[in-house]
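Notes for the one structure printed next.
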Amino acid sequence: SKSLSDEENLKLFGKCNNPNGHGHNYKVIVTVRGEIDPVSGMVINLTDLKEYMQEAIMEPLDHKNLDKDVPYFAEVVSTTENVAVFIWENLKKLLPMGILYKVKVYETDQNIVVYKGEETI
């Protein structure tokens with residue numbers, strides 16, 4: 001966090017506080033909800049959903065240094081919580097209104113964030 005001293009960052013973020021950055025292989029699960037189309041049997045065509053996820057998640061984030069390559073994180077700390085918010089906001093712009101239900105981001109098998117569009121502080 002740019003708003004904290006080096007000592008405060010180390011205390012708060014521990015081993016994730018590396019001035020040269022560090023990487024994660026995030027896993028993202030997107031949940032949609034809505035009426036099931038009687039013809040297709042789907043809430044949304046999965047091919048379309050994959051394309052939306054490619055545009056909203058993979059293109060801006062895959063193989064990127066979040067703090068240096070993604071403008072959103074220039075002013076927002078790149079925690080898993082904020083990655084989930086970023087993904088939610090990007091998907092919300094692309095998906096039909098009201099269909100996005102939940103974004104689940106796995107930083108590790110033990111560190112998981114679920115975001116359902118709550119107000120951010």
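The table for this structure:
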read-out: Å² per residue, accessible surface of segment 24-115 at 1.4 Å; value: 65 Å²
read-out: Amide H contacts under 5 Å for K64, placed H, 5+ residues apart; value: none
read-out: Estimated distance in nm for a label pair at D37 and M97, the labels positioned 7 Å out from Cα along Cα-to-Cβ; value: 2.0 nm
read-out: Full-extension gain in nm, N65 to D109, via 0.36 nm per residue minus C-alpha separation; value: 13.7 nm
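The values are calculated or read from the model by the stated rules, or taken from the named source; none is laboratory data. All values derive from a computational prediction rather than experimental measurement. So basically every Cβ, Gly included, is an ideal-geometry build from the backbone, and we count neighbours across all protein chains shown. Protein only, heavy atoms only, side chains kept; ligands, DNA and RNA dropped before computing areas. Shrake-Rupley method; radii C 1.70, N 1.55, O 1.52, S 1.80 Å.
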